[in-house]
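Since the structure comes first, as structure tokens, the remarks are kept for the end.
The values are calculated or read from the model by the stated rules, or taken from the named source; none is laboratory data. As the structure is a prediction and not an experimental result, all values here were calculated from the model. Glycine gets a Cβ as well: all are built from the backbone with ideal geometry, and neighbour counts include every protein chain shown.
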Amino acid sequence: MLFVWPVIIWLIIFWYLPLFGVAIAFQDYNVGLGVLGSKWAGLKHFKDLLSDPLFHNALRNTLMYSFLNLIIGFPIPIIFATMINELIGMRPFKRVVQTISYMPHFLSWAFVASFLISFFAGDGLFNQLLRSIGISSEYAYMANTGSFVAVIVISSIWKSFGYGSIIYLSAMTSVDPEIYEAALIDGANRCQKIRSITLPSIKPTIVVLLILQISQMMNSNFDQFFLLSNPLVSEIARVIDVYTYSIGIQKGRFAYGTAVGLFKSVVALVLLITANTASKKIADESIF
């Protein structure tokens with residue numbers, strides 16, 4: 001019981017006590033007066049954000065990136081974990097591949113962003129490699145909206161897919177080996193075993209992680225967008241987290257920034273409940 005208390009205290013300090021600050025979203029907050037002394041403004045800040053074109057742009061970009069990560073990025077850890085699971089009798093090679101795939105997760109976005117900016121610059125290494133094989137190119141990938149979106153999505157997937165596959169690999173190790181042996185005796189090939197045994201066995205894990213990812217669609221990686229964005233792609237690089245930082249912290253509109261954060265949390269809760277309800281009806285799985 002003693003080991004649980006540090007976690008409980010951490011949750012109370014960093015997750016529950018800050019909820020008191022949600023009241024700022026309904027106030028004309030003044031730092032000098034504090035939460036208790038500031039005047040109430042009702043839904044004023046929510047009306048402002050819903051009429052702000054920059055917020056609409058940030059919301060649209062956030063949902064676009066989240067949708068791309070969901071459609072493209074969600075299946076990749078499952079596919080990778082399945083491939084690793086099929087490396088039977090190749091334990092040393094399997095460990096090396098897993099270690100290499102996990103490493104990007106532990107790299108800071110500061111390092112990754114600086115590398116990507118220099119790598120995809122007009123005179124960067126990527127264009128130099130293209131020129132070395134006879135393709136003349138000085139294209140500035142980080143300064144054009146289409147290529148910027150591709151870099152954001154690919155780098156996000158590259159950094160997370162290896163680490164994300166750990167949960168699926170753990171679920172696959174719990175499958176009884178005798179089921180595979182029985183399928184082999186019945187003449188099932190590798191693809192049939194994956195389709196009929198492996199994937200159905202980890203379906204609950206897939207559904208739960210899918211629900212959680214859908215509930216996170218209003219979130220984006222602040223470090224990634226803040227470090228990779230530049231004035232030339234500001235329209236496509238503006239997501240809600242960067243927008244909140246810009247208008248709430250840099251411009252000192254703390255009440256407005258809190259309103260944006262509360263709006264995002266409410267939408268995330270709706271997405272979570274909707275995804276969970278749908279999973280009960282479609283896949284007969286849910287997280288609550």
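If we scan segment 265-273, do we find a residue that is over 18 Å from the mean Cα position of the chain (by Cα) and surrounded by 16 or more Cβ atoms within 10 Å (Cβ to Cβ)?
Checking segment 265-273: not a single residue is over 18 Å from the mean Cα position of the chain (by Cα) and surrounded by 16 or more Cβ atoms within 10 Å (Cβ to Cβ).
Only one of (1) among the aliphatic types (A, V, I, L, M); (2) under 26 Å from VAL153 (Cβ atoms); (3) within 20 Å of the chain's Cα centre (by Cα); (4) surrounded by 15 or more Cβ atoms within 10 Å (Cβ to Cβ) fails for LEU262. Which number is that?
Checking LEU262 against (1) among the aliphatic types (A, V, I, L, M); (2) under 26 Å from VAL153 (Cβ atoms); (3) within 20 Å of the chain's Cα centre (by Cα); (4) surrounded by 15 or more Cβ atoms within 10 Å (Cβ to Cβ), the one that fails is (2).
List the number of the failed condition for PHE80; all other conditions in (1) over 30 Å from PRO104 (Cβ atoms); (2) touching a residue at least 12 places away in the same chain (Cβ under 8 Å) hold.
Failing condition for PHE80: (1).
Which residue, of VAL207, VAL267, is over 22 Å from ARG60 (Cα atoms), part of a helix (DSSP H, G or I) and either without any contact (Cβ under 8 Å) to a residue 40 or more places away in the chain or not basic (Lys, Arg) (or both)?
None of the others qualify; the one that does is VAL207.
Here is a list: SER136, SER118. Which entry is closer than 30 Å to LEU227 by Cβ, among the hydroxyl-bearing types (Ser, Thr, Tyr) and modelled with pLDDT of 90 or more?
SER118
For segment 145-164, which residues satisfy the criterion of being surrounded by 15 or more Cβ atoms within 10 Å (Cβ to Cβ) and closer than 22 Å to LEU232 by Cβ?
Once the filter is applied, which keeps residues that are surrounded by 15 or more Cβ atoms within 10 Å (Cβ to Cβ) and closer than 22 Å to LEU232 by Cβ, segment 145-164 yields SER147, PHE148, VAL149, VAL151, ILE152, VAL153, SER155, SER156.
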